[in-house]
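Here the structure is laid out as C-alpha cells; the discussion comes afterwards.
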Amino acid sequence: MKKVIALHTSRRNQNTYNILVQIKDVLANNDIEVRIISLYDLNIKDCIGCEYCIHHDTCVVKDEAEELMKALQLADGIIISSPVYLQQVSGKMKTFIDRTCRWFHRPVLSEKPILSVATTKGSGLKETLSYLESVTVQWGGMNAGKIGRTIRNINQPVKQKELDKFIKLINNPSSYNPPLKSLINFEVQKSLAQLLLELDVEFWENKGWNNKPYYNNCKINPFKRFIASSIGKSIRKGMNKNKTT
C-alpha cells in the first residue's frame, strides 16, 4: 500500500481538517494510506536565518522539524494544507516551509507528487493555493492538483475526480507532464548548483541532473523543453562570463 503524509496546519480541526479526512477516505478506496500530521502536535521552532543548513545539510535548531522532513522524503505522496490567514498560509505552515530552505537548493522531493489544499471563509484562496504550488516547484515536487473550498462550497464533498491526478502520479510518476514554470525552475536551480555551493554541485552531480531536462524521466512538451533549456543556457553563459571577469 502506498503511503501519503498530509500536513495539517491549523489549531482547529474544522474546515481544512475535514477536507483532509475526506481525502483520506477517498484514497483509502484506492489502496493509498494517509497519515494526517498536525504541525501543532510537533515542536517546530522558527528558522533563525543562519543558512547553516544550506552549507552543511543539517540544522542547528534542535526540534522535530528534521524528523518530519525525513518522513516526507520516505512518503510516496504529500499533501500540504492550510486555512487562509490574511490572504496566505497559516503561520505554522510558513514556519515549517522556512525550515526546509535547503530543499530549495537540493530538492530531495523531486519524485514526490504533492497535492495542495486550502479553505477560506473569505478571500485569498487563489493566492494561497498558488503559493503552495510554488513551494512544491521549489521543493522539486510534482504539482499533483489542488483542492480549495470557500464559504460558498465548504460543504461540497471531495470527489474522486479531484484526486485522480494525485493518484495517477503516486502510482506512475513517469506520467507527469511538468509545466513550463517547473522546467524553468529546474534550469535555474541547475545553473546555481553548478556554479555556487560545493555541496550543491556534489548533490546535483550524484543525481545525474546536470545533463537532464528535468529531475525525473517524464513526459515533457518539446516546445516547453526548448524554452526552458534556452533560458538555462543563457543563465549559465552569463554566470560563467561574470565568473571569469
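The values are calculated or read from the model by the stated rules, or taken from the named source; none is laboratory data. Just so we're clear, the structure is a prediction, and the values are computed from it rather than from any experiment. We place every Cβ from the backbone using ideal geometry, glycine too, and count neighbours over all the protein chains shown.
Does any residue of segment 218-240 turn out to be over 28 Å from GLY122 (Cα atoms), under 17 Å from the mean Cα position of the chain (by Cα) and at pLDDT 95 or above? Checking segment 218-240: not a single residue is over 28 Å from GLY122 (Cα atoms), under 17 Å from the mean Cα position of the chain (by Cα) and at pLDDT 95 or above.
Filtering segment 6-16 to residues that are outside any loop (DSSP other than H, G, I, E, B) and either more than 19 Å from the chain's Cα centre (by Cα) or not assigned by TED's automatic domain parsing to the domain that holds LYS159 (or both) leaves only ASN15. Only helices (runs of 4 or more DSSP H) whose full extent lies in segment 38-117 are considered here, and the ones with at least 1 residues that are touching a strand residue (DSSP E or B) at 6+ places or on another chain (Cβ under 7 Å) are 65-74, 91-99.
Restricting attention to segment 28-84, the residues that are within 15 Å of ARG102 (Cβ to Cβ), exposed (fewer than 15 other Cβ atoms within 10 Å of the Cβ) and among the small types (Gly, Ala, Ser) total 1. In the set (1) touching a residue at least 40 places away in the same chain (Cβ under 8 Å); (2) surrounded by 18 or more Cβ atoms within 10 Å (Cβ to Cβ), ASN217 fails one condition alone, (2). Could you list all residues from segment 181-200 that are touching a His at 6+ places or on another chain (Cβ under 8 Å) and in a helix (DSSP H, G or I)? Those that are touching a His at 6+ places or on another chain (Cβ under 8 Å) and in a helix (DSSP H, G or I): GLN189, LEU192, ALA193, LEU199, ASP200.
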